[in-house]
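Okay, so here's the structure we're looking at.
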Amino acid sequence: MLMRYPRVASEFRPVSTCGAVATENGVDFSVYSHSATGMRLLLYDHCGDADPSEIIHLKPRRDRCGDLWRIFVQGIGHGQLYHLQVDGPSDPDRGLWFESARRLIDPYAQALAGDFLSPDDGITRPPKCVVIADDFDWSNDRRLNYDLSELVIYELHVGGFTRSATSNVKHPGTYLGLIEKIPYLKSLGVSAVELMPVHEFPILTPAGVPAERPNYWGYDPLAFFAPHRGYAASGEPGAQVAEFQRMVQAFHQAGIEVILDVVFNHTCEGNERGPVLSFKGLENPVYYLLQDGGRRYHNFSGCGNTVNCNHPVVRRMIVDCLRHWVLTYHVDGFRFDLASILCRGRDGHLDPSAPLVEEITEDPVLAHVKLIAEAWDAAGAYQVGSFWGVRWAEWNGRYRDDVRRFWRGDHAMLGPMATRLAGSSDLYEHSGRGPQASINLITAHDGFTLNDLVSYREKHNQANGEQNRDGDNHNFSDNYGWEGQLQDAPLDPTAREEIEEIRLRQIKNMWATLMLSQGVPMVVAGDECRRTQGGNNNAYCQDNAISWFDWERVQEHRELVRFCKALIHFRRQQPTVRRRSFPRGDGQGNGGRPEVAWFDSTGQPTNWNGNDLLLTCLWNRLPTQSADSNSGGDLLLVLNATGDTRYFTFPPIATQDRWRLFVDTAAKTPNDIFPSLKGPHAPKSGRVILKPRSLRCYLSE
């Protein structure tokens, strides 16, 4: 084919990065492959083109420097569409998947355009790579640099947050649509959003048709460096880059940080039966952990393959990718999905000094960003409390389970509940970390919503098409008398009212527990307005009303939204409940006053060997805090997880103060919470009544 674009040999050009780098005169392409014997660059004019308009051949002796294949092409630039084709040995039994006819995605592609095409020749055309010349104006952007202890994290799905017609946004299901909902998030008071995966994942199958069960969540990586094109309002190739940047800039202007959920543990290429789209066709034994001589894939991710994270080439790619999201998109942190895989060595075993995790931890560009680990994987690794160094925080699965079990009324949960309230020192103190290492959560994207946690005893995942076999069976949930929704339940009005009252109270109990615990709270979009998935605890494939945020519920449950909002704002104003060190109970270093003390219903020290489910926690403010409402005060938190009405007597240590009621989850709105902090005084007798399954919080004057 006649070449329209002049090329420049680049054997001795300095190596900056892999991928496509746009300059004033053209584009510098650089691709890694050790085993390739030849490589071609395919250039396209339009997204829908099945065949390239130009093919540029790279010659090993001229265009290869070590294992980097490089070529500079003049006369092209931003928006240029391209694929790679690679020659090499084809021996799947040894893990070599080279095939010269395949079209491949550049692992460093900064954007993708179009979708899978399947012409009559049977050769799959994946989405095309797009050359990006970034010129976004960040002049008004500034990093918020919140300390972890200051965060209230709100996990959301970019598409599902505004895809419902009830969102009333101009650009539903997009980055721009999310911008339109920032005022709501700001009114809630959250200080960070954690976006479920926004790197590229397949929209259609490699056959070019909709998947039977689409990966709605996005945990199916196709291109790590590229924002997902399906969330762009514009169909212009590469438009998602600027739209994502606009979104981050808008969040920062609203005082909200942006944390990305990143998935470096597997890719959408699957196992030996999966498609060859990128990594497999470039250097399969480097990018993946293989077994049986290369014939099969290790599957520590539960998704078919496992990325070979601690190979030097892959390690460099992952760090380059993180830097890219920080420098190009100004993101503030990362939550690493199945992060224990980052610690698996090239033999598949956990490495206590994993090079990748060490490099991420010590990288100077990443020094200011939040690092949050989901400290387990699908092959049995569980590192909660032991994931690497002091910079790392962790999703605290122990917190989730213990809080759920305590409020459900399980036996022997008094001690575990106290430990979780106080920041989980049993997990983090030994490594020199403080409470901010614990990302406290009760719900997340995978599992029940908070509403469903108190409405269903069993999962109901039939809509997923897997005969209800998928999803976790250990939810520590309850339905309080009726499985599921109550609207059409054949119950008498009294029973229905009683069940509804218990469910709402339990939602408030857990929300208040989360906001008044030491550590960093994370909530899930819609839990403040009782978003439901109909009992589905694994809605990964439900790109429909099951998963979408129904904005009518914000108004329908406005009293609960008010309650949740008041607790978030209270937490952000009160250092007493967001300490950076674990509270001491001995009074050392606090003027002789214990920072935390525990009592039973009579006001006496708690008997930790008992089976009672009434727990009282006294948080004393630190000497550096004054007693005004803006800098923190003493808190008395009383939790009654029993099914009985209980009397509670203030402990002697608290009788010297005057207390006002802040939260009473058993009370009707508006007396369930007092955002002004001017609730009624506690009775002078120091004796109060707690209804079944309720929580009260008092503030000292």
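Since every read-out is calculated from the coordinates, none of them should be taken as a lab result. These numbers were taken from a predicted model, which means no experiment stands behind them. Positions of Cβ are generated from backbone atoms using ideal geometry, with glycine treated the same way; all protein chains shown enter the neighbour counts.
In µm²/s, what is D for the range 414-516 at 20 °C and 1.002 mPa s, where D = kT/(6 pi eta Rh) by Stokes-Einstein and Rh is the Kirkwood radius from Cα pairs? Walk me through the numbers before you get to the answer.
Details: Rh = 16.0 Å.
Calculated translational D: 134 µm²/s.
Calculate the spin-label point distance for residue 93 paired with residue 358, positioning each point 7 Å from the Cα along the beta-carbon direction, and give it in nanometres.
3.8
Between residue 186 and residue 642, what is the label-point separation in nm under the 7 Å Cα-to-beta-carbon projection?
That separation, rounded to one decimal, is 4.8 nm.
Non-local amide H neighbours of residue 634 (under 5 Å, H modeled in plane, Pro and chain starts lacking H): which ones?
621, 700
Under 1.5 on a/c is rounded, so check that first for the range 68-124, then, if it is not, pick prolate when a/b is larger than b/c and oblate when it is not; a ≥ b ≥ c are the square roots of the alpha carbon gyration tensor eigenvalues.
Values: a/c = 2.25, a/b = 1.39, b/c = 1.62.
Oblate, because a/c is 1.5 or more while a/b does not exceed b/c.
For the range 87-145, which trypsin sites (Lys or Arg not before Pro) are both in a DSSP coil and crowded by at most 15 other Cβ atoms within 10 Å? Let's see the in-between values first.
On the way: sites: 94, 102, 103, 128, 142, 143; in loops: 102, 103, 142, 143.
Those satisfying the criteria are 142, 143.
Would you mind ranking 665, 205, 124, 23 by Cβ crowding within 10 Å, fewest neighbours first? Can you show the working numbers first?
On the way: 665 26, 205 16, 124 19, 23 11.
Ascending number of Cβ neighbours within 10 Å: 23, 205, 124, 665.
With a point put 7 Å past each Cα toward its Cβ, work out how far residue 691 is from residue 584 in nm, to one decimal.
4.1
Check the straight Cα-Cα distances from residue 170 and name the lysines below 17 Å, setting aside those fewer than 8 residues away within the same chain.
Partners found: 181.
Considering only DSSP beta bridges where both residues belong to the chain, give the percentage that are antiparallel (nearest 5).
Details: 71 of 99 bridges.
Around 70 percent antiparallel, to the nearest 5.
Length gain on complete extension for the stretch residue 101 to residue 313, per 0.36 nm per residue less the alpha carbon to alpha carbon distance? Let's see the in-between values first.
Details: separation 212, 0.36 × 212 = 76.32 nm, distance 2.50 nm.
So the chain would gain 73.8 nm between residue 101 and residue 313.
Explain nothing, just the number: relative contact order of the chain, from Cα pairs under 8 Å at least 6 residues apart, as a whole percent. Each step should come with its number before you reach the end.
Working: 1600 pairs, mean separation 69.8, N = 701.
Relative CO of the chain lands at 10 percent.
Using the Karplus equation 6.51 cos²θ - 1.76 cosθ + 1.60 (θ = phi - 60°), what ³J(HN,Hα) coupling, rounded to whole Hz, does each residue of the range 497-508 give in order, writing x for Gly and Pro?
Using θ = phi - 60°, the values come out as 5, 5, 5, 4, 5, 5, 4, 4, 5, 5, 4, 5 Hz.
Quick check on the chain: take the gyration tensor over C-alpha atoms, sort the square-rooted eigenvalues as a ≥ b ≥ c, and tell me if it's rounded (a/c under 1.5), prolate or oblate.
Working: a/c = 2.17, a/b = 1.98, b/c = 1.10.
Since a/c reaches 1.5 and a/b is larger than b/c, the shape of the chain is classed as prolate.
Residue 346 to residue 655: extension gain in nm, 0.36 nm per residue of separation minus the Cα-Cα distance?
Details: separation 309, 0.36 × 309 = 111.24 nm, distance 6.07 nm.
In short, 105.2 nm is gained.
Quickly rank 572-581, 669-678, 79-88 as a protection proxy: mean count of other C-beta atoms within 10 Å, highest first. Intermediate values should be presented prior to the final figure.
On the way: 572-581: 19.7, 669-678: 15.7, 79-88: 21.5.
Taking the mean over residues of other Cβ atoms within 10 Å, the ranking is 79-88, 572-581, 669-678.
Decide, for the range 7-130, between rounded, prolate and oblate: order the square roots of the alpha carbon gyration tensor eigenvalues as a ≥ b ≥ c, take rounded if a/c falls under 1.5, and otherwise choose prolate if a/b is larger than b/c, else oblate.
oblate
Let me have the 222 nm mean residue ellipticity of the chain computed from DSSP H runs of 4+ only, each contributing -39500 (n - 2.57), with the sum over all residues rounded to the nearest 500.
Per the formula, -6000 deg cm²/dmol.
With a 10 Å radius around each residue's Cβ, average the other Cβ atoms per peptide and rank 330-343, 606-619, 644-657, 451-464, highest first. Each step should come with its number before you reach the end.
Working: 330-343: 24.5, 606-619: 17.7, 644-657: 15.6, 451-464: 20.6.
Per-residue mean Cβ counts within 10 Å order the peptides as 330-343, 451-464, 606-619, 644-657.
About its Cα centre, what dipole magnitude does the chain give when the only charges are +1 on Lys and Arg Cβ and -1 on Asp and Glu Cβ, stated in debye to the nearest 20? Can you show the working numbers first?
Values: 73 positive and 86 negative charges, 329 e Å.
Here the size comes out at about 1580 debye.
HN-Hα J couplings of the range 31-39 from phi, Karplus 6.51/-1.76/1.60, θ = phi - 60°, integer Hz, Gly and Pro as x?
9, 8, 6, 7, 9, 5, 9, x, 8
Suppose R0 equals 51 Å; then what is the FRET efficiency for residue 501 and residue 236 from their Cβ-Cβ distance, rounded to the nearest 0.05?
0.45
I need 39, 196 ordered by Cβ neighbour count within 10 Å, fewest first. If you can, show how the numbers build up before the last one.
Working: 39 26, 196 23.
In order of increasing Cβ crowding within 10 Å: 196, 39.
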